[in-house]
Structure formats: C-alpha cells, structure tokens
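> Sharing a structure, written as structure tokens. Questions coming.
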Amino acid sequence: MLGLFFCLKVPAVQVDGLRGPDLPQDFGTDKHGSDALELASPSFTSLPSSSGATGPPGVLASSSEGSSLTALSWAYDDLATMRESSISPESRLLGFALPDEPALDPETLAQLRAAIRLEAELRPDCAYLQRHQLASVSPALQLSSSMRRMGLGWLVEVSMDQGLTQETLALAAALLDRFMSRSRGVRTTQLQLLCCACLLVAAKHEEELHPAVSELTSLSAGSFAEEELRAAELAVLETLDFRINSPSSYTFLLLLARLLDLGPRVRALACYLTELAMLEYAALRYAPSQVAMAAVLLASLRLGEPLPRRALHACLAALPGASAERDEACAPLQPLVSALLALHQAAHAAPDGSEAAVVRDKFRAYEWQGAATVRPFARLPACAATVLDERGAGAGGPRVPGRA
C-alpha cells in the first residue's frame with residue numbers, strides 16, 4: 001500500500017500550527033553514537049519513472065555536463081558571493097602532475113567557515129519524523145524514513161529527467177528536511193507534493209530556466225493539480241521565512257574541492273557518496289559539512305589520490321565539533337566514514353529499481369567519471385588510520401599519505 005501513495009489525489013498542503021524546530025538539547029553535538037546509517041531496504045522500489053508522463057518536454061534543456069550557472073552565495077556578513085562550476089568534472093589525463101602542496105586560498109577557507117556557521121543556524125532537526133508520527137491520526141498515513149527515501153529517490157529521477165544541476169537537487173533535499181523540521185502532521189499522501197514544491201523552489205533559486213509547473217504536475221502522473229503545487233510552494237516559502245539558500249553537502253564539496261585541489265575522479269566519487277547519504281534519514285545526525293569531508297576522505301583513500309596535509313588540517317579544524325587538539329581532529333568523522341563505506345557497499349549490490357540503484361546508475365555515466373563503477377572497499381584498509389587518526393603527527397600537519 002505504501003508504494004502506491006504517490007498516485008493518490010492529494011489536497012493542497014495545510015500548514016497549521018507551525019512552530020520553530022523543537023531541537024533536542026544535544027542537537028548539533030554529534031552525541032548520537034556511532035551507529036551506521038540506515039541502509040535502503042531492497043523491498044522498497046523506486047517511484048514511477050517520469051518517462052511515462054505526458055505533456056510538453058518542459059522549458060529546461062537537458063545538460064549532459066551537469067554544469068552549474070548559479071552563484072553560491074549566503075546572506076552572511078563575511079561571506080562573499082561565489083560562483084563555482086559543478087563537481088561534474090571535466091576530463092583530464094591520468095597521471096597529470098599535481099603540485100606538491102597547493103597554496104591554501106584564504107578566501108575560500110573563509111567561505112568554508114562562514115558556510116559552516118550558517119549551516120549550524122539552518123540545520124534541520126535530526127528527529128523530526130517522530131513529531132510527524134505522533135501527530136498523525138492513522139498509522140497507515142505516518143511518515144517513515146523509508147517514505148522519505150522514496151520521495152528523494154523520485155527527486156533524483158525528476159532532476160535527471162529535467163536536466164537540473166546538482167546544486168538544485170541538493171538544495172531541494174535540504175529544503176524538504178527544513179520544512180519538515182518546522183511543521184507537524186504531514187501525511188504520506190502529501191509527501192510527493194512537498195518534494196515537488198521543494199524542487200520547484202530550488203530550481204527557481206539555482207537554475208537560469210526552471211521547469212514549468214505543468215511539467216512537474218505531469219511527471220507526478222496526475223497526483224496533484226497545478227493549483228495545489230503553487231499552494232505547496234508558497235507554504236514552503238512561508239514556513240522557511242523565505243530563507244532558501246542554505247548550504248548543503250554539495251556546497252561543501254565545491255569548497256573542499258578547491259581547498260584540497262581534488263582530482264576529477266575523487267570529486268565525482270565523493271559526490272556519489274554524499275548523494276547516497278542524502279537518501280538516508282539517519283544521516284541527518286551529521287552536519288552536511290561533515291558528510292562532505294568524510295566522503296572526500298573515503299574517496300581519496302579508495303582511489304589512492306593523496307590530500308595536501310596543510311589544507312586538509314585547515315579543513316578539518318573548521319568542521320563542527322572539531323577539537324583544537326591535532327590528535328582528535330578527525331575523531332567525529334571516524335564512524336561517518338565507516339557508515340559511508342556501508343552505503344557504498346549496499347549501493348554496489350542494490351537491486352535494480354531501488355533508490356540506491358537510481359543514484360548508482362546516474363553516477364555510472366561518463367560525465368561523472370563512472371564513479372559508481374568503482375568497487376567499494378570490503379573493509380577500511382589499515383592505511384585509513386593514517387587519515388582518520390592524527391596521533392603522533394608533527395607540527396607540519398596530520399599524518400596522511402599526502403603531498404609533502
């Protein structure tokens with residue numbers, strides 16, 4: 001029955017009794033333990049493909065290169081407007097000689113720190129589903145992590161169908177979690193409508209041309225009308241006080257790629273790992289900046305491409321929950337790297353039709369360097385300790401197999 005809820009006719013979203021996020025006392029401190037992220041269940045299939053939708057092809061042209069034309073900017077005092085191309089990497093020859101230690105860009109480092117401060121301000125409640133489950137009248141209409149995964153998996157398919165950038169997809173997922181954190185009583189029959197509304201808001205913010213409302217309603221197989229989508233869009237904007245531009249894990253990947261001089265294969269694999277984490281409700285216990293940093297560490301380990309030590313330590317020190325002591329800088333990331341590895345392993349063997357398989361097939365493409373074709377580690381190698389454990393590091397930086 002759950003798999004059919006997206007095909008139901010749903011009313012316009014009613015946003016009653018809105019209040020600010022009811023955060024637990026230890027929220028944001030990562031005291032949730034080191035449990036691995038919840039893995040996608042093979043029994044949940046992806047939502048209906050948009051290929052069967054009728055209507056015009058839409059106004060947004062497909063972009064095979066996934067390039068972004070949108071400036072990443074935040075309304076923060078010391079954060080300048082930044083324009084960055086998509087992580088969808090351009091090709092370059094293997095074996096290209098990289099400099100031993102690239103210069104650390106102070107402006108980009110300042111942008112990273114400012115984005116982390118804004119992240120803490122706009123971070124969603126990592127336990128918001130409990131509030132929606134308690135407010136729901138019927139258990140059959142209660143939201144669950146599996147339903148959230150299905151909704152985000154559908155957004156991945158729609159974003160590919162419409163040629164939307166990676167920034168738009170990541171922002172839509174962030175808006176959905178923030179909206180759910182500030183509302184209560186959302187039913188499963190409203191989830192697809194909310195997902196579509198968040199995608200429309202994100203596309204208007206990030207894209208030069210956004211999909212038409214009629215196109216998005218046709219992709220939903222008639223689950224809601226155009227008037228309902230417009231009403232849901234307004235509800236999202238009002239609930240979030242029109243604060244749209246919040247940093248996502250993809251935002252931090254862009255910044256880390258510049259600071260750490262990441263190669264195209266590491267960037268693509270790290271983006272694949274963060275998109276797998278995006279599907280998992282349990283990943284909300286970690287900040288997006290932590291997810292991005294852990295994905296970069298795991299991707300660089302898997303591909304054997306070292307990271308510059310001085311820049312790596314500067315990035316680690318800026319993360320939320322980072323210790324001032326060198327020997328504890330990576331401690332919050334150790335369980336997260338293991339959890340990302342578990343997601344990588346599960347996605348590699350995921351059955352066709354599952355949400356993880358949708359993401360996997362997306363990242364098998366040439367423009368993503370075939371990132372999903374990289375076999376995951378069977379277990380973290382012994383050399384991972386030199387990246388995730390800085391004990392014994394000298395004054396020059398953490399003990400990583402990096403460039404001197």
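Each value in this text was obtained by applying a stated rule to the coordinates, not by laboratory testing. Treat the numbers as computed from the prediction; the structure is a model and nothing was measured. When we count neighbours, we look across all protein chains shown, and the Cβ atoms used for this are built from the backbone with ideal geometry, even at glycine.
> Could you tell me which of the residues 120, 174 is touching a Ser or Thr at 6+ places or on another chain (Cβ under 6 Å) and closer than 24 Å to residue 238 by Cα?
Details: 120 fails: touching a Ser or Thr at 6+ places or on another chain (Cβ under 6 Å).
Being touching a Ser or Thr at 6+ places or on another chain (Cβ under 6 Å) and closer than 24 Å to residue 238 by Cα holds for just one of 120, 174, which is 174.
> Name every residue in segment 277-304 that is within 22 Å of residue 181 (Cβ to Cβ), out of contact with any Cys (no Cβ under 6 Å at 6 or more places or on another chain) and among the aliphatic types (A, V, I, L, M), in order of residue number. It would help to see each step written out before you state the result.
Restricting attention to segment 277-304, the residues satisfying the condition of being within 22 Å of residue 181 (Cβ to Cβ) are 277-292.
Then drop every residue that is not out of contact with any Cys (no Cβ under 6 Å at 6 or more places or on another chain), which leaves 277-283, 286-292.
Across segment 277-304, the qualifying residues are 277, 278, 279, 282, 283, 287, 291, 292.
> In segment 237-252, which residues are buried (at least 24 other Cβ atoms within 10 Å of the Cβ), assigned to a helix (DSSP H, G or I) and not hydroxyl-bearing (Ser, Thr, Tyr)? First the steps, then the outcome.
Taking segment 237-252 as the starting set, the residues that turn out to be buried (at least 24 other Cβ atoms within 10 Å of the Cβ) are 247-252.
Subsequent filtering for residues that are assigned to a helix (DSSP H, G or I) retains 249-252.
Within segment 237-252, 252 is the sole residue that qualifies.
> Looking only at helices (runs of 4 or more DSSP H) that fall completely inside segment 128-214, which ones have 2 or more residues that are farther than 25 Å from residue 273 by Cβ?
Values: elements: 128-135, 145-162, 166-181, 188-206.
Once the helices (runs of 4 or more DSSP H) in segment 128-214 are filtered for at least 2 residues that are farther than 25 Å from residue 273 by Cβ, what remains is 128-135, 188-206.
> Of the residues 301, 255, 276, only one is touching a His at 6+ places or on another chain (Cβ under 9 Å) and crowded, with 24+ Cβ neighbours inside 10 Å; which? So that I can check it myself, show each step before the final result.
Working: 301 fails: touching a His at 6+ places or on another chain (Cβ under 9 Å); 255 fails: touching a His at 6+ places or on another chain (Cβ under 9 Å).
Going through 301, 255, 276 in turn, just one is touching a His at 6+ places or on another chain (Cβ under 9 Å) and crowded, with 24+ Cβ neighbours inside 10 Å: 276.
> Of all residues in segment 197-245, which are within 19 Å of residue 164 (Cβ to Cβ) and in contact with a Lys or Arg (Cβ under 8 Å, 6 or more places away or on another chain)?
210, 213
> Using beta carbons and a limit of 7 Å, which pairs, at least six apart or on different chains, have the first residue in segment 179-197 and under 16 Å from residue 149 (Cα atoms) and the second one of a type in the set (Gly, Ala, Ser) and buried (at least 22 other Cβ atoms within 10 Å of the Cβ)?
Listed pairs, sorted by first residue: 191/151; 192/151; 192/220; 193/232; 194/232; 195/151; 196/220.
> Of all residues in segment 347-366, which are surrounded by fewer than 19 Cβ atoms within 10 Å (Cβ to Cβ), touching a residue at least 24 places away in the same chain (Cβ under 8 Å) and over 11 Å from residue 272 (Cβ atoms)?
Those that are surrounded by fewer than 19 Cβ atoms within 10 Å (Cβ to Cβ), touching a residue at least 24 places away in the same chain (Cβ under 8 Å) and over 11 Å from residue 272 (Cβ atoms): 351, 353.
> Going residue by residue through segment 207-214, is there one that turns out to be surrounded by fewer than 24 Cβ atoms within 10 Å (Cβ to Cβ), farther than 25 Å from residue 368 by Cβ and touching a residue at least 40 places away in the same chain (Cβ under 8 Å)?
There is at least one residue in segment 207-214 that is surrounded by fewer than 24 Cβ atoms within 10 Å (Cβ to Cβ), farther than 25 Å from residue 368 by Cβ and touching a residue at least 40 places away in the same chain (Cβ under 8 Å).
> When you scan segment 216-224, do you find a residue that is surrounded by 24 or more Cβ atoms within 10 Å (Cβ to Cβ), free of Cβ contacts under 8 Å to residues at least 60 places away in the same chain and over 25 Å from residue 288 (Cβ atoms), even just one?
yes
> Of all residues in segment 253-272, how many are part of a helix (DSSP H, G or I), more than 13 Å from the chain's Cα centre (by Cα) and closer than 25 Å to residue 356 by Cα?
At the first step, the residues of segment 253-272 found to be part of a helix (DSSP H, G or I) are 253-259, 264-272.
Then keep just the ones that are more than 13 Å from the chain's Cα centre (by Cα); that gives 255-259, 264-269.
The next check asks that each one be closer than 25 Å to residue 356 by Cα; those that pass are 256-257, 264-269.
Adding up the residues that qualify gives 8.
> Of everything in segment 153-198 that's of a type in the set (Gly, Ala, Ser) and over 19 Å from the mean Cα position of the chain (by Cα), which residue is nearest to residue 251 (Cα to Cα)?
Taking segment 153-198 first, the residues of a type in the set (Gly, Ala, Ser) are 153, 159, 163, 170, 172-174, 181, 183, 185, 197.
Next, from what is left, pick out any that are over 19 Å from the mean Cα position of the chain (by Cα): 183, 185.
On the way: 183: 25, 185: 30 Å.
Only one residue tops the list, namely 183.
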